[in-house]
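I have placed the structure first, in the form of C-alpha coordinates, so that the comments after it can refer back to it.
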Amino acid sequence: MALIATLGVAAALATQRLPFAAGLALGAGIAILAYLWLRQAVRRALELEAGRFPKGLVFKLVLRYPLVLTAVYLFYTTHWLPFQAFLLGLFVPLAAAGAEFLFQLGAAIMELGKRYRRGAVG
(Lines give C-alpha, C1' and ligand atoms only; values in the text may rest on other atoms or scores of the structure.)
Protein backbone atom coordinates (compact mmCIF):
# COMPACT_ATOMS: atom_id res chain seq x y z
CA MET A 1 0.00 0.00 0.00
CA ALA A 2 2.76 2.38 0.92
CA LEU A 3 4.46 1.71 -2.41
CA ILE A 4 1.32 2.53 -4.38
CA ALA A 5 0.76 5.69 -2.35
CA THR A 6 4.38 6.72 -2.79
CA LEU A 7 4.24 6.13 -6.55
CA GLY A 8 1.05 8.19 -6.83
CA VAL A 9 2.47 11.07 -4.81
CA ALA A 10 5.74 10.94 -6.76
CA ALA A 11 3.82 11.07 -10.05
CA ALA A 12 1.86 14.08 -8.84
CA LEU A 13 5.05 15.79 -7.70
CA ALA A 14 6.74 14.99 -11.02
CA THR A 15 3.98 16.86 -12.81
CA GLN A 16 4.38 19.73 -10.31
CA ARG A 17 0.92 19.34 -8.81
CA LEU A 18 1.82 19.94 -5.17
CA PRO A 19 -1.75 20.40 -3.80
CA PHE A 20 -2.87 17.21 -5.57
CA ALA A 21 0.12 15.32 -4.14
CA ALA A 22 -0.64 16.57 -0.63
CA GLY A 23 -4.31 15.59 -0.89
CA LEU A 24 -3.38 12.17 -2.21
CA ALA A 25 -0.86 11.67 0.58
CA LEU A 26 -3.35 12.66 3.29
CA GLY A 27 -6.09 10.45 1.87
CA ALA A 28 -3.73 7.51 1.52
CA GLY A 29 -2.38 8.06 5.03
CA ILE A 30 -5.85 7.99 6.56
CA ALA A 31 -6.84 4.92 4.51
CA ILE A 32 -3.68 3.03 5.45
CA LEU A 33 -4.14 3.93 9.13
CA ALA A 34 -7.75 2.70 9.03
CA TYR A 35 -6.61 -0.52 7.34
CA LEU A 36 -3.90 -1.12 9.94
CA TRP A 37 -6.38 -0.60 12.78
CA LEU A 38 -8.80 -3.06 11.18
CA ARG A 39 -6.04 -5.60 10.60
CA GLN A 40 -4.91 -5.29 14.22
CA ALA A 41 -8.48 -5.76 15.45
CA VAL A 42 -9.05 -8.86 13.35
CA ARG A 43 -5.74 -10.36 14.42
CA ARG A 44 -6.50 -9.76 18.10
CA ALA A 45 -10.04 -11.07 17.75
CA LEU A 46 -8.72 -14.31 16.31
CA GLU A 47 -6.16 -14.64 19.11
CA LEU A 48 -8.72 -14.20 21.90
CA GLU A 49 -10.14 -17.34 23.42
CA ALA A 50 -12.99 -16.24 25.66
CA GLY A 51 -11.51 -12.97 26.89
CA ARG A 52 -12.75 -9.47 26.39
CA PHE A 53 -11.71 -7.25 23.52
CA PRO A 54 -9.17 -4.60 24.64
CA LYS A 55 -10.78 -1.18 25.12
CA GLY A 56 -8.13 0.65 23.08
CA LEU A 57 -8.81 -1.57 20.12
CA VAL A 58 -12.56 -1.09 20.38
CA PHE A 59 -11.95 2.67 20.44
CA LYS A 60 -9.87 2.44 17.25
CA LEU A 61 -12.56 0.39 15.51
CA VAL A 62 -15.28 2.82 16.50
CA LEU A 63 -13.10 5.78 15.48
CA ARG A 64 -12.32 4.50 11.95
CA TYR A 65 -15.41 5.62 10.08
CA PRO A 66 -16.04 8.92 11.90
CA LEU A 67 -12.41 9.83 11.21
CA VAL A 68 -12.75 9.11 7.50
CA LEU A 69 -16.14 10.80 7.21
CA THR A 70 -14.93 13.90 9.08
CA ALA A 71 -11.90 14.15 6.82
CA VAL A 72 -14.05 13.75 3.69
CA TYR A 73 -16.44 16.44 4.93
CA LEU A 74 -13.55 18.76 5.82
CA PHE A 75 -11.90 18.47 2.42
CA TYR A 76 -15.20 18.70 0.56
CA THR A 77 -16.40 21.85 2.31
CA THR A 78 -13.15 23.78 2.76
CA HIS A 79 -11.44 22.96 -0.57
CA TRP A 80 -8.19 23.20 1.38
CA LEU A 81 -6.69 20.55 -0.88
CA PRO A 82 -8.21 18.97 -4.00
CA PHE A 83 -11.09 16.78 -2.92
CA GLN A 84 -10.57 14.39 -5.83
CA ALA A 85 -6.97 13.76 -4.76
CA PHE A 86 -8.01 13.08 -1.17
CA LEU A 87 -10.77 10.74 -2.33
CA LEU A 88 -8.35 8.96 -4.65
CA GLY A 89 -5.99 8.47 -1.70
CA LEU A 90 -8.75 6.74 0.25
CA PHE A 91 -8.79 4.04 -2.45
CA VAL A 92 -5.11 3.12 -2.06
CA PRO A 93 -5.94 -0.09 -0.10
CA LEU A 94 -8.23 -1.15 -2.95
CA ALA A 95 -5.46 -0.55 -5.48
CA ALA A 96 -3.06 -2.54 -3.30
CA ALA A 97 -5.53 -5.43 -3.13
CA GLY A 98 -5.86 -5.33 -6.91
CA ALA A 99 -2.08 -5.37 -7.35
CA GLU A 100 -1.79 -8.30 -4.95
CA PHE A 101 -4.50 -10.15 -6.88
CA LEU A 102 -2.62 -9.66 -10.14
CA PHE A 103 0.63 -10.79 -8.52
CA GLN A 104 -0.97 -13.95 -7.10
CA LEU A 105 -2.71 -14.68 -10.39
CA GLY A 106 0.56 -14.36 -12.28
CA ALA A 107 2.32 -16.65 -9.79
CA ALA A 108 -0.45 -19.25 -10.11
CA ILE A 109 -0.29 -19.13 -13.91
CA MET A 110 3.50 -19.53 -13.83
CA GLU A 111 3.19 -22.53 -11.48
CA LEU A 112 0.53 -24.08 -13.68
CA GLY A 113 2.77 -23.61 -16.70
CA LYS A 114 5.64 -25.36 -14.92
CA ARG A 115 3.39 -28.28 -13.98
CA TYR A 116 2.06 -28.50 -17.53
CA ARG A 117 5.57 -28.65 -18.98
CA ARG A 118 6.45 -31.43 -16.53
CA GLY A 119 3.32 -33.35 -17.54
CA ALA A 120 1.80 -33.15 -14.05
CA VAL A 121 -1.42 -31.49 -15.29
CA GLY A 122 -3.93 -33.85 -16.82
Just to check your reading of the model, which residue among Q84, Q40 is part of a helix (DSSP H, G or I), more than 16 Å from the chain's Cα centre (by Cα) and not charged (D, E, K, R)?
Q84
Does any residue of segment 101-122 turn out to be under 22 Å from the mean Cα position of the chain (by Cα) and either surrounded by 12 or more Cβ atoms within 10 Å (Cβ to Cβ) or not in a helix (DSSP H, G or I) (or both)?
no
Name the single residue that is modelled with the highest pLDDT among those in segment 43-54 being surrounded by 10 or more Cβ atoms within 10 Å (Cβ to Cβ) and in a helix (DSSP H, G or I).
R43
Looking at segment 55-83, which of the residues that are surrounded by 13 or more Cβ atoms within 10 Å (Cβ to Cβ) and over 15 Å from I30 (Cα atoms) is modelled with the highest pLDDT?
P82
Go through segment 11-23 residue by residue and tally those that are surrounded by 11 or more Cβ atoms within 10 Å (Cβ to Cβ) and part of a helix (DSSP H, G or I).
9
Being β-branched (V, I, T) and closer than 22 Å to M1 by Cα: is that true of V68 here?
yes
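The values are calculated or read from the model by the stated rules, or taken from the named source; none is laboratory data. Quick caveat: nothing in here was measured; it's all calculated off a predicted structure. Ideal geometry is used to build each Cβ from the backbone, glycine not excepted, and the neighbour counts take in all protein chains shown.
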